[in-house]
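Taking it in order: structure first as structure tokens, then the write-up.
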Amino acid sequence: MIEIKQLAKKFAVENPKKLSEQEKKDPRLKGRFFHSVQDVSFTCHKGEVLGLLGPNGAGKTTTLRMLSTALKPDSGSVEISGDNVLANPVIARKKIGFLSGSTGLYGRLTGRENIHYFGQLHGMSEESIVKRINELADLLDMHNFLDRRSENFSTGMKQKTAIARAVVHSPELVILDEPTTGLDIMATQTVLEFIRGLKEQGTPVIFSTHHLDEVEELCDKVTVIDLGRTMFDGDIASFKALAQGSLHQSFMAAIQSTTSE
Amino acid sequence: MWLVFKKEIKELLRDRKTLFFMVALPLLIFPVLIGVAGFVSKQAMDKAESQVLNYALVGGQYAPEIVEDLEQPDKFKLVEISENEDFTTIIRDETVDFVLVIPENYSSNVLENGQTNIKLYFNDAGLNLVYRRVNEIVKSQSELFQQSAFSVLGLDETQQSALIEPIVLEKVNTADDRENWGEKIGGMLPYVLFLLCLTGAMAPATDIGAGEKERGTLETLLISPIDRNKIVMGKFLTICFAGTMTALLTVGSMVIWGLVLSQGMAIKFVADFMAQIAMHDFLLIFLMLVPVVAIFAAVLLSISIYSKSFKEAQSYMGPMSILVVIPIMLALLPGVELKGAWAWVPITNVSLAMKELLKGTMDYYQLFAIFGSTVLIAGALFAFCVYWFNQEKVLFR
């Protein structure tokens, strides 16, 4: 189980003159700091899939980066099955599998070597790495390209390799930042199947997305973030109940409560 | 740490472009180019030596011996010219290569007629051997005249040589061969070694920091459960390794190719020179390289990790080579010696020490200062690297 409470993160603005008009109007810009995330809280239990929604620039990636320990929050807490992530980042990193939205592979290594390297970094034994890679290759249908250099991979192949790399150490929690963005229908389907597989095994998954159909298909819980604040946090049924009709309208309703405030 | 190092080296070895600059360039291309240049210039010299020179002669009747000596069809060819020809013009339009003007007072009787002044007109701007070739002939004649004058005067051999050169200033060099050549080669060595180290380290350094950021692999690496220090150390060692390897490969190839190309000519000299330098001095020269490479690697890694992209990193690294040359140049200034404060100036002190080691005049106590200061600086820079690897504003710029 993962519990996130009142996470906040601000970034120093080096040159305020360089900001765009829209950024200057953003209420999160206060003096020399841009308060990217101000108050984000949600929880995700074993076997749950949580969809993180929000407009571009809402603070989704920053939130996920804080969960993954890549960034250090200014305040708030993150706990994974009772372990404080902020106090023990190295322990937390072993429990989390994180796929960043802008991730890449080492082009001159093969797909297998890419995954293998991160297995080693996680301190896995040689034997268990080999076994795990075979398992993941079956699961993600990667056998026919696994031993080629990854610089020639298609977007789908890259994403599958990146996912395999993120979960090679069988993490307790999987965090995916826009895992299906830019993928074709087949590759998207493989990724969604994979998330479903994790859910069946009881591994909680948090993923951010702009595709509401994915949310409807997979998620048990929905968290909506806007302007760095949690606007909605609840199960899919109550999210649907926010508005009559489609999920899009529910989403708009969740967002609008900010603007009206 | 070794995990990171091993993976970086593996990637480096698979990168043909970087490898080309690191290995092929110094090992094959440079020696071939130098060889070709040497071959072409040797050809040009041979040609100048064996070329048949066209010449015109004025006043040949006064010096039949010289005229006779010039009658060698495989070397010189006489061209007739009219009396009031302008020498400059005919040399410029290549009718002749030189004009020899012998004065009326030319005579073997030196004691009566005094010195004779023969004029040689030729274009001395380019590379040619005209003067040398004509001088050979004139000189032998001149010596004959000298001999006949001496015999007229009835001088013995001692008197003869005393007359030719009454006072001799003899040079007695207290520096042995090693010190002499050590000073010259030792001055050049740091330039070559340091710059090679730097260029060799640059390519992998860009790839390892900025490249990783650009490809988006950095974030994933940072959230793997391995200490940042170990990541930095692994990357740092890779850069050091690449830099040292490039320098060693290049110097090694220079020595080998030099021996091959010079074909025995200089081998004895080189071998003698090398034989005088003790093994531990060679080892020290190599060891000296280590802290310098460490400084380079730490600076390059900091730059690389700060940069957003390959391009940005490369433009920051460009001026590095100029910055490196300055302290090496300082080491060549007269009066700058390996003692006192100079022994603490980084890079300059290592350049000085390399020179001293080659010369065989090393004051080994200065090694403390050298290693002390370089290790201190490299250590500080390394700590800075680690600090930057923990800075969010640097990593997520």
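The numbers here are math on the coordinates, done by the rules we state, and not lab data. In this text, all values refer to a predicted model and were calculated from it rather than measured experimentally. Virtual Cβ from ideal backbone geometry, glycine too; neighbours counted across all protein chains shown.
Rank B:G182, B:G60, B:G211 by mean-square fluctuation in a GNM of chain B with C-alpha springs under 10 angstrom and give only the top-ranked residue.
Result: B:G60 has the largest fluctuation of those listed.
Can you bin segment B:114-202 into rounded, prolate or oblate? Criterion: square roots of the alpha carbon gyration tensor eigenvalues sorted a ≥ b ≥ c, rounded for a/c under 1.5, prolate for a/b above b/c, oblate for the rest.
Because a/c hits 1.5 or more and a/b fails to exceed b/c, segment B:114-202 counts as oblate.
Could you tell me what fraction of 2.2 N^0.38 Å the Cα radius of gyration of segment A:26-114 comes to, as a two-decimal ratio?
Taking the Cα Rg and dividing by 2.2 N^0.38 Å, one obtains 1.28.
Of B:M245, A:M124, A:L218, which is farthest on the positive side of the dipole of the protein assembly as shown, counting Cα position, with +1 on Lys and Arg Cβ, -1 on Asp and Glu Cβ, and the Cα centre as origin?
Farthest towards the positive end: A:L218.
By count of other Cβ within 10 Å, fewest leading, how are A:M252, B:M233 ordered?
A:M252, B:M233
So which aspartates and glutamates pass the test for B:K359, namely a Cα distance under 15 Å, with those fewer than 8 places away in the same chain ruled out?
List returned: B:D176, B:D177, B:E179, B:E183, B:D272, B:D281, B:E337.
Of A:K160/A:K199; A:K18/B:K308; A:K17/A:K60; B:K77/B:K119; A:K30/A:K60, which sit over 22 Å apart, Cα to Cα?
Over 22 Å Cα-Cα: A:K17/A:K60.
Indicate, rounded to the nearest 5 percent, the antiparallel portion of the DSSP beta bridges found entirely in the protein assembly as shown. List each step's numbers first, then the result.
Numbers: 27 of 51 bridges.
If I count the DSSP bridges inside the protein assembly as shown, around 55 percent turn out antiparallel.
What percent antiparallel are the DSSP beta bridges of segment B:51-164, to the nearest 5?
35
How big is the charge dipole of segment B:51-164 about its Cα centre, in debye rounded to the nearest 20, if each Lys and Arg gets +1 on its Cβ and each Asp and Glu gets -1 on its Cβ? The partial results should precede the final answer.
Working: 7 positive and 19 negative charges, 57 e Å.
Result for segment B:51-164 is approximately 280 debye, rounded to the nearest 20.
Report, ordered by chain and residue number, the aspartates and glutamates lying within cross-link reach of A:K10, taken as a straight Cα distance under 13 Å and ignoring same-chain residues fewer than 8 apart.
Reachable aspartates and glutamates: A:D39, A:D74, B:E392.
Just to confirm my numbers, what's the Cα centroid distance between segment A:1-58 and segment B:162-222 in Å?
If we compute the Cα centre of each part, the gap is 52 Å.
Could you run the Debye sum over the Cα atoms of segment A:109-174, one equal point scatterer each and no solvent, and tell me log10 of I(q)/I(0) at q = 0.23, 0.24, 0.26 Å⁻¹, two decimals?
-0.93, -1.00, -1.16
Kindly work out what percent of the DSSP beta bridges joining two residues of chain B are antiparallel, to the nearest 5.
35
Segment B:172-324: Rg/Rh from Cα coordinates, Kirkwood Rh?
1.11
Against the empirical 2.2 N^0.38 Å scaling, what ratio does the C-alpha Rg of segment B:296-391 come to?
Values: Rg = 15.8 Å, N = 96, 2.2 N^0.38 = 12.5 Å.
For segment B:296-391, the normalised Cα radius of gyration is 1.27.
Given 20 °C and 1.002 mPa s, compute D for segment B:51-164 with the Stokes-Einstein relation, Rh being the Kirkwood radius over Cα pairs; round to the nearest whole µm²/s.
Diffusion coefficient, whole number: 138 µm²/s.
Counting alpha carbon pairs within less than 8 Å and at least 6 residues apart, what relative contact order, in whole percent, applies to chain A?
That works out to 25 percent.
Just checking the output field for B:385-392: average partner chain Cβ neighbours within 10 Å of each residue's Cβ?
Per-residue shielding by partner chains comes out at 1.
With only alpha-carbon pairs counted, each pair once and no self-pairs, how large is the Kirkwood hydrodynamic radius of chain A in angstroms?
19.2 Å is the Kirkwood radius here.
So for chain B, Kirkwood radius off the Cα pairs, Stokes-Einstein at 10 °C and 1.306 mPa s: how many µm² s⁻¹?
59
Comparing A:T155, A:T223, A:T110, which has the greatest mean-square fluctuation in the GNM of chain A with Cα pairs linked when under 10 Å apart?
Sorting by GNM fluctuation, first place goes to A:T155.
Which three extents, in whole angstrom, do the alpha-carbon atoms of segment A:154-239 cover along their principal axes, largest first?
Largest first, segment A:154-239 extends 36, 26, 23 Å along its Cα principal axes.
Would you kindly work out the equivalent ellipsoid of the protein assembly as shown from its C-alpha gyration tensor and give its semi-axes, the square roots of five times the eigenvalues, largest first in whole Å?
Working: eigenvalues 1289, 151, 107 Å².
After scaling each eigenvalue by five and taking roots: 80, 27, 23 Å.
Only counting other Cβ atoms within 10 Å, I'd like B:F286, B:F371 sorted with the fewest neighbours first.
Details: B:F286 14, B:F371 17.
Going from sparsest to densest Cβ surroundings: B:F286, B:F371.
Rounded to the nearest 500 deg cm²/dmol, what is the calculated helix-only ellipticity per residue at 222 nm for the protein assembly as shown, with -39500 (n - 2.57) per DSSP H run of length n ≥ 4?
Using -39500 (n - 2.57) per qualifying helix, the result is -17000 deg cm²/dmol.
Quick one: order A:V49, B:V36 by neighbouring beta-carbon count within 10 Å, fewest to most.
Ordered by Cβ neighbours within 10 Å, fewest first: B:V36, A:V49.
Give, as a single signed number, the net charge of other residues whose beta carbon lies under 9 Å from the beta carbon of B:I223, with Lys and Arg counted +1 and Asp and Glu -1. Please report the intermediate quantities before stating the final value.
Values: positive: A:R65, A:R93; negative: B:E219.
Its environment carries a net charge of +1.
In segment B:1-102, if the dipole is taken from +1 on Lys/Arg beta carbons and -1 on Asp/Glu beta carbons about the Cα centre, which of B:I9, B:T95, B:Y55 is farthest to the positive end?
The residue sitting most towards the positive pole is B:I9.
Which one of A:S20, A:S41, A:S208 has the biggest mean-square fluctuation once chain A is modelled by GNM with Cα springs under 10 Å?
Sorting by GNM fluctuation, first place goes to A:S20.
Sequence neighbours fewer than 8 away in the same chain don't count; with that in mind, list the lysines whose C-alpha is under 20 Å from B:K17.
In chain and number order, the partners are B:K6, B:K7, B:K213, B:K235, B:K311.
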